[in-house]
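Below is one structure, written out as C-alpha cells, with a few remarks after it.
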Amino acid sequence: SAILNYGTLTLNDVEINGAPIVDGGWPSYAINNYGNLTVNSADIKTYHGAIATGDKGVTVINDASVDVGQSTQTKQTSWALYVFEDGQLTVNGGIFKNTKDEKNKVYGGGYVFATSTKETIINGGTFEKTEADNNGTGIYYNCTNLVINGGVFDTNPTKYVAEGSAVVENNGAYTVIPTTLKDGGVLDLGGVEYNDTITVEGNVTIKGDTKV
C-alpha cells in the first residue's frame, strides 16, 4: 500500500499514485485502512483498488478524485472502494471511475464492492461510466449492507437505494435524490428533472439547476 493506516488519519489536498506491485505479483490497494480515516480532498490514481476498509476500520470520504486503472503486470479486478469484514465506509462526495488503458486494458471491477457486516453508506458523489473490458459493473451485484441515499451512477442502483430516496434516469445516468428533505437538507438535482413530490420538513436549501 501507499498508505497503511491503523491509527487516525486525515487527508487534505493530497496526491497519491499507487499502489505498488507486491513482490512482482498482486497489486495492493493505494490505501488500506484499519483505523479511522477521513478523506477531505485527495487525488488518487492507482492500478488496482483505491481504498480498502476492513477489520473495524472506519473511512469517511468527503471529497476525492479516484481513477482506477489496470496493473501492467497482472489482471486483477480493480475496485475503487472495497469494504470487508467489519469495515465501515461513508461517501459524501467525490468522483470515482475506471479509465480504460488501450495498451494494458482495464480488466474489471468498478467502483463499489461491499461485503462488510457493517453498513456502507453513499450520500453523494459521481460514479462515472466504467470502461473495464471485463466485469465492468459499477456496483458489484452482490454487495451486502450497502445503502445509497444520493449520488450519480452509471448503473441502476435501485436495489440499494434507501427509503426516502428515488432514482431518476437521464441519458444513461442514474441520479439518486431525496424524496424527503429534513431540516438543514440541501436539494441540488444538477439539472435532472424530477416529476414527483418532495416533502420538505424544516429549513432546507434548493440550489443549482433544480427542476421539481
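When the surface is traced with a 1.4 Å probe over the full set of protein chains, Tyr82 keeps roughly 60 Å² accessible.
In a fully extended conformation the segment linking Tyr6 and Ser65 would gain 18.9 nm over its present Cα-Cα distance, using 0.36 nm per residue. For Lys118, the shell of other residues with beta-carbons less than 10 Å away shows a net charge of -2, using +1 for Lys and Arg and -1 for Asp and Glu.
Sum up the charges of everything whose Cβ sits under 15 Å from the Cβ of Lys56, counting Lys and Arg as +1 and Asp and Glu as -1, but leave Lys56 out. Please report the intermediate quantities before stating the final value.
On the way: positive: Lys118; negative: Asp55, Glu85, Asp86, Glu119.
It works out to a net charge of -3.
Exposure check, 1.4 Å probe, all protein chains in place: Glu15 carries approximately 140 Å² of accessible surface. Projected label points at Thr179 and Ser41, each 7 Å from Cα along the beta carbon direction, are separated by 3.7 nanometres.
Given a 1.4 Å probe and the protein chains as shown, Phe113 ends up with an accessible area of around 40 Å². Residues whose amide H falls under 5 Å from that of Trp79, counting only those 5 or more places apart or on a different chain, are Gly49, Gly110, with hydrogens built in the peptide plane. Other residues whose C-beta falls under 15 angstrom from the C-beta of Glu15 contribute a net charge of -3, scoring Lys and Arg +1 and Asp and Glu -1.
For the set Lys97, Lys45, solvent exposure ranked by accessible area (probe 1.4 Å, protein chains only) runs largest to smallest as Lys45, Lys97.
The values are calculated or read from the model by the stated rules, or taken from the named source; none is laboratory data. Quantities reported herein were computed from a predicted structural model and do not represent experimental measurements. A quick note on method: Cβ atoms are made from the backbone with ideal geometry, for glycine too, and the neighbour counts reach across all protein chains shown. Side chains included, ligands, DNA and RNA excluded: accessible areas come from the protein's heavy atoms. Shrake-Rupley method; radii C 1.70, N 1.55, O 1.52, S 1.80 Å.
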